[in-house]
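Data block below; observations after.
Any read-out appearing in this document is the output of simple, stated calculations on the displayed coordinates, not a laboratory observation. Owing to the predicted nature of the structure, the values given are computational and were not obtained by experimental measurement. Here Cβ is always computed from backbone atoms with ideal geometry, including for glycine, and neighbour counts include all displayed protein chains.
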Amino acid sequence: MSVNDDVFAERWYAAWNAHDLDAIMEFYADDVEFSSPCIAALGLVESGVIVGKPMLRAYLELALARARDLRFVPESVCVGARGHTLIYRNHRGERAAEHHQLDAAGRIVRAEATYEATGSTVLKS
């Protein structure tokens, strides 16, 4: 399946900015591996890596409840051989990037959220 990365990004941002957890979860494969320093910061898994949709849903429920003003402002879409990287600003104005590796159905099988080191509240202990 061919994925239009720009359309994917528009839909992904719309789901996140609406805080629509069911719509967000539709982007991810059942066996997704998701990594973010926020996972460790919230005390879920020390490694910052979770596997599977049930764990991802639990993390996202907690994250969305904690950041009720969460909003992503798109800056760029970078396209690679196995997926893309979305670069955006969050509700605190911090720059972030999330790399998505996609399967043949266009679902995210591996995601890695990263945050600009300078000024990020996510990366502070």
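For the reader, a short list of remarks on this structure follows.
- Label point 7 Å beyond Cα of Asn17 along Cβ direction - residues of the stretch 84-101 with amide nitrogen under 17 Å: 86-98
- Gain in span if fully extended, Glu46 to Asn4, counting 0.36 nm per residue against the direct Cα distance: 11.7 nm
- Mean separation of Cα contacts under 8 Å (6+ apart) over length of the chain, as relative contact order %: 26 percent
- Distance in nm between pseudo-label sites at Val73 and Glu61 (7 Å out along the Cβ direction from Cα): 3.2 nm
- For Gly48, the amide hydrogen comes within under 5 Å of the amide hydrogens of Ala40, counting only partners 5 or more places away or on other chains and with H modelled in the peptide plane.
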